[in-house]
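Report on the following structure.
Taken together, the values in this text are just the output of simple stated rules run on the coordinates, not laboratory data. Every value quoted in this text rests on a predicted model; they were computed, and no experiment measured them. Quick reminder, even Gly has a Cβ in these numbers, built from the backbone with ideal geometry, and neighbours come from all protein chains shown.
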Amino acid sequence: MNSEELKQEAHNKENDMAFLGAMKKAIRQERAEKFEPWLEELKTSKKIISIISNEEQGKHTINTEKFGIVDYFPKANKLLIRKENSWKTQGLRWIKARLL
């Protein structure tokens with residue numbers, strides 16, 4: 001399901017808590033959809049050695065020359081730099097600035 005369908009489904013909910021849960025799901029799906037066009041561009045970047053997508057865990061493992069292995073979680077828009085053991089918010093912005 002795409003994010004627009006999920007938002008429409010959320011507006012049809014009668015309960016406020018059900019609406020909130022459905023909207024959260026829609027927002028997370030929207031973040032994942034925002035990353036998809038950048039994935040192809042990342043695969044062609046010279047700064048990246050390899051990308052492994054794990055749909056089951058909802059993450060992409062990016063092996064880079066400069067930062068080592070980076071795990072990106074598109075639905076949360078966060079990434080983990082394993083070498084530093086540090087989490088970064090605004091993950092897509094970080095990827096665009098440093099890996100593209």
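When peptides 6-15, 20-29 are ranked by their average number of other Cβ atoms within 10 Å per residue, the highest-first order is 20-29, 6-15. Computing FRET efficiency as 1/(1 + (r/R0)^6) for residue 24 and residue 84, where r is the C-beta to C-beta distance and R0 is 30 Å, gives about 0.55.
Between the Cα long axis of helix 16-43 and the first principal axis of the chain there is an angle of about 30°, rounded to the nearest 10. Using only side-chain charges placed at the Cβ, +1 for Lys and Arg and -1 for Asp and Glu, the dipole size of the chain relative to its Cα centre rounds to 660 debye. Projecting the Cα atoms of 35, 48, 11 onto the charge dipole of the chain, computed from C-beta unit charges around the Cα centre, puts 48 farthest toward the positive end. Equivalent-ellipsoid semi-axes for the chain (Cα gyration tensor, √(5λ), whole Å, largest first): 30, 14, 10. Kindly flag which residue pairs out of 13/59; 46/88; 24/46; 46/78; 25/96 have an alpha-carbon separation exceeding 31 Å in this structure. Where the Cα-Cα span goes over 31 Å, the pairs concerned are 24/46.
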